[in-house]
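Q: Have a look at this one.
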Amino acid sequence: TALCLAVCLDDPHVLLSQHGRAGHDRVMAAFEDRIAGAVRNGDVIRQLDGARFAVSVSAQLRIDLEAAIQIAARMQKRLAEPISIDGTTVHVSASIGFCLPSRAPGQTGAALLAAAEMAMSEAWANGPGAIRAFTADIRQRVEQRDTMGAEIEAAFDNGEIVAFFQPQLS
């Protein structure tokens with residue numbers, strides 16, 4: 001693999017509430033078709049859980065950071081095209097994270113995908129339609145968030161966090 005991308009629909013819950021399961025599934029099918037149109041024949045696309053996809057770009061050519069950004073931008077442009085659902089035009093956006101093998105925390109496919117998903121989470125957190133490349137800084141932020149979440153959960157469980165409410169009168 002020369003590049004791993006992780007792609008997520010930015011607001012799947014909004015799509016689901018406004019257009020139901022059938023509309024959501026139609027958008028996911030269109031997403032998969034559009035992702036396939038943005039990559040080459042030898043590349044592999046898999047839908048992950050929820051409204052997420054993973055793309056493995058084959059190692060036919062060496063891909064550098066600039067080429068990876070161009071691939072992600074081309075994919076994002078295709079994904080942003082309006083989709084028609086029962087006569088209604090729907091505009092959706094996607095956040096994309098990617099990882100080059102040279103930047104991956106490990107030399108396995110699982111490590112490459114995990115790094116791309118971390119970058120995707122960072123992209124999603126920075127607004128709709130963002131693109132992020134995996135870096136050591138992203139990994140550090142994700143690990144800090146995980147640690148902080150575990151500490152907060154433990155504090156709740158141990159009764160160290162107590163909520164106080166003050167009534168407001170108008």
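Q: Among (1) closer than 18 Å to Leu5 by Cβ; (2) surrounded by fewer than 16 Cβ atoms within 10 Å (Cβ to Cβ); (3) hydrophobic (A, V, I, L, M, F, W, C); (4) at pLDDT below 90, which single condition is Ile152 missing?
A: (1)
Q: Any residue at all in the stretch 127-148 that is assigned to a loop (DSSP other than H, G, I, E, B), at pLDDT below 90 and open to solvent by less than 80 Å² (accessible area, probe 1.4 Å)?
A: There is at least one residue in the stretch 127-148 that is assigned to a loop (DSSP other than H, G, I, E, B), at pLDDT below 90 and open to solvent by less than 80 Å² (accessible area, probe 1.4 Å).
Q: Could I ask something else about it? If Ala114 passes every condition in (1) closer than 29 Å to Arg145 by Cα; (2) at pLDDT 90 or above; (3) open to solvent by less than 70 Å² (accessible area, probe 1.4 Å); (4) over 19 Å from the mean Cα position of the chain (by Cα) but one, which one does it miss?
A: (4)
Q: Are any residues in the stretch 2-37 more than 24 Å from Met118 (Cβ to Cβ) and open to solvent by 70 Å² or more (accessible area, probe 1.4 Å), and if so, which ones?
A: Of everything in the stretch 2-37, those that are more than 24 Å from Met118 (Cβ to Cβ) and open to solvent by 70 Å² or more (accessible area, probe 1.4 Å) turn out to be Ser17, Gln18, Arg21, Ala22, Asp25, Arg26, Asp33.
Q: For the stretch 39-88, which strands (runs of 3 or more DSSP E) that fit wholly inside it have 2 or more residues that are open to solvent by 70 Å² or more (accessible area, probe 1.4 Å)?
A: Output list reads 44-47.
Q: Could you give me the residue pairs with C-beta distances under 7 Å whose first residue belongs to the stretch 65-79 and is free of Cβ contacts under 8 Å to residues at least 40 places away in the same chain, whose second residue is assigned to a helix (DSSP H, G or I) wherever it lies, and which are 6+ apart or on separate chains?
A: Arg74/Ala38
The values are calculated or read from the model by the stated rules, or taken from the named source; none is laboratory data. Note that the structure is a prediction, hence the values are computed from the model and not measured. Virtual Cβ from ideal backbone geometry, glycine too; neighbours counted across all protein chains shown. Only protein heavy atoms, including side chains, enter the accessible area calculation; ligands, DNA and RNA are left aside. Shrake-Rupley method; radii C 1.70, N 1.55, O 1.52, S 1.80 Å.
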